[in-house]
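First comes the structure, then the notes that go with it.
The values are calculated or read from the model by the stated rules, or taken from the named source; none is laboratory data. All figures in this text were calculated on a predicted structure; none of them were measured in a lab. Here the Cβ positions follow ideal geometry from the backbone for every residue, glycine too, while neighbour counts run over all protein chains shown. Calculation scope for accessible area: heavy atoms of the full protein, side chains included, ligands and nucleic acids excluded. Shrake-Rupley method; radii C 1.70, N 1.55, O 1.52, S 1.80 Å.
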Amino acid sequence: MSAASSQKVVLKSTTKVSLNERFTNMLKNKQPTAVSIRATMQQQHLASARNRRLAQQMENRPSVQAALNHKQVRRGVVYLITLHQQMKT
């Protein structure tokens, strides 16, 4: 029995990749968990809500409303000029 316990066991390396490289690759290729996916979706939803709120605030600013109205008036004027020119011909 003591002769068997004193023998060395030698394992041949079957790969050229070190153990550290294997674990590093595993961590790099790790799939996202359900918890991290859920957290990401919640962050995106929160960001979307903030962006909608900001867009609403911008839309309610007097300077933005004036610019939007000016653009609409210009379109109307261009349309009327075009219509008038078509009626002449």
Condition first: under 30 Å from L68 (Cβ atoms) and open to solvent by 80 Å² or more (accessible area, probe 1.4 Å). Now tell me which residues in region 22-51 satisfy that. Q44, H45, L46, R50, N51
Exclusive hit being open to solvent by less than 100 Å² (accessible area, probe 1.4 Å) and free of Cβ contacts under 8 Å to residues at least 12 places away in the same chain, set L54, L19: L54
